[in-house]
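Presented below is the structure to which this report refers.
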Amino acid sequence: MSMNKITVAKLFGLALLVAGWSSVAVAQTGVLFVEGSRVGVGIATPSETLHVKGTDGLTKLHVEEASATVKQRELYLLSNNGGVRFAFEDTSTGRRISMRNVNAQFQMDMNNDLLPELRLAANGNLTITGSLFTAGGTCGGGCDAVFQPGSDVPSIENHASEMWAKSYLPAVGPTPENQPINLSTKTAGMLNELEKAHIYIAQLNDALKEKEARLLRLEQENRELRNTQADLGANLQALEAQVQSVLKANAPNTP
């Protein structure tokens, strides 16, 4: 197949002339190759419809709309009769990650195996196959710190008073109905409240155990008192019998 070699300056100049420009001054900075329906920039044997290759570490694509009117514009469009996939490949490892528009979903495929790890549906629902992590300090309210000696955990009474006065859990903060929320801070706040709740549960459990132990002691004392009462009753009956016997023995004989 024959190879046509066209300088970048000539090609861009021709394109601008076709677009309506009467004169063009373009510096020649590289070579563009056309082979049949394939175009190569920086490569004489393009393997794709458009193949751009550089070796100086500066290769990049730049699409610029320089209108003075500030406005959102579509500057990049990929169209296909079916799903569209856009891939990123690290040639040092061969690892390829792809993004695609399939089944009315935005999908990210981290292993390029057509089994996406992330799906974003048109209704806003987000599905991931792995776990969700946050980066940075998201628990500034003192999560696990509440278990450390000297931590300032309010009493159950004070916490309940603040909760009812504010109408929300203090560490979580207000959560207006039908409003966006910060999941990271809310999750951290809920963790803080959950940990404090378990501290309160442990405190109440200790208090309950103490009351149960006290109740057992009182029941034991009550049984002992009952036994003492029974002994006293028996002793009293025996004493009364002795008194009656003495009185009977000392009573004057009547003719």
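Residue by residue, here is whether (1) in the same structural domain as residue 189 (by TED's automatic domain parsing); (2) closer than 30 Å to residue 189 by Cα; (3) of a type in the set (S, T, N, Q) holds:
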residue: 62; (1), (2), (3): no, no, no
residue: 65; (1), (2), (3): no, no, no
residue: 74; (1), (2), (3): no, no, no
residue: 95; (1), (2), (3): no, no, no
residue: 103; (1), (2), (3): no, no, yes
residue: 120; (1), (2), (3): no, yes, no
residue: 123; (1), (2), (3): no, yes, yes
residue: 126; (1), (2), (3): no, yes, no
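Across the stretch 179-214, the number of residues qualifying as in contact (Cβ under 8 Å) with a residue 12 or more places away in the chain and either under 17 Å from residue 154 (Cα atoms) or outside the structural domain of residue 163 (by TED's automatic domain parsing) (or both) comes to 11.
For the stretch 40-90, the set of residues classified as in a loop (DSSP other than H, G, I, E, B) and either in contact (Cβ under 8 Å) with a residue 40 or more places away in the chain or surrounded by 11 or more Cβ atoms within 10 Å (Cβ to Cβ) (or both) consists of 42, 43, 44, 45, 46, 53, 54, 59, 83, listed by residue number.
Check 75, 14 and return the single one that is more than 45 Å from the chain's Cα centre (by Cα) and either at pLDDT 85 or above or farther than 25 Å from residue 109 by Cα (or both). So that I can check it myself, show each step before the final result.
Values: 75 fails: more than 45 Å from the chain's Cα centre (by Cα).
On inspection, the qualifying residue turns out to be 14.
Can you find a residue in the stretch 108-130 that is surrounded by 12 or more Cβ atoms within 10 Å (Cβ to Cβ), touching a helix residue (DSSP H, G or I) at 6+ places or on another chain (Cβ under 6 Å), part of a loop (DSSP other than H, G, I, E, B) and in contact (Cβ under 8 Å) with a residue 24 or more places away in the chain? Within the stretch 108-130 (the criterion being surrounded by 12 or more Cβ atoms within 10 Å (Cβ to Cβ), touching a helix residue (DSSP H, G or I) at 6+ places or on another chain (Cβ under 6 Å), part of a loop (DSSP other than H, G, I, E, B) and in contact (Cβ under 8 Å) with a residue 24 or more places away in the chain), the answer is no, since none of the residues qualifies.
The values are calculated or read from the model by the stated rules, or taken from the named source; none is laboratory data. Every value quoted in this text rests on a predicted model; they were computed, and no experiment measured them. Cβ: placed from backbone, ideal geometry, glycine included. Neighbour counts: every protein chain shown.
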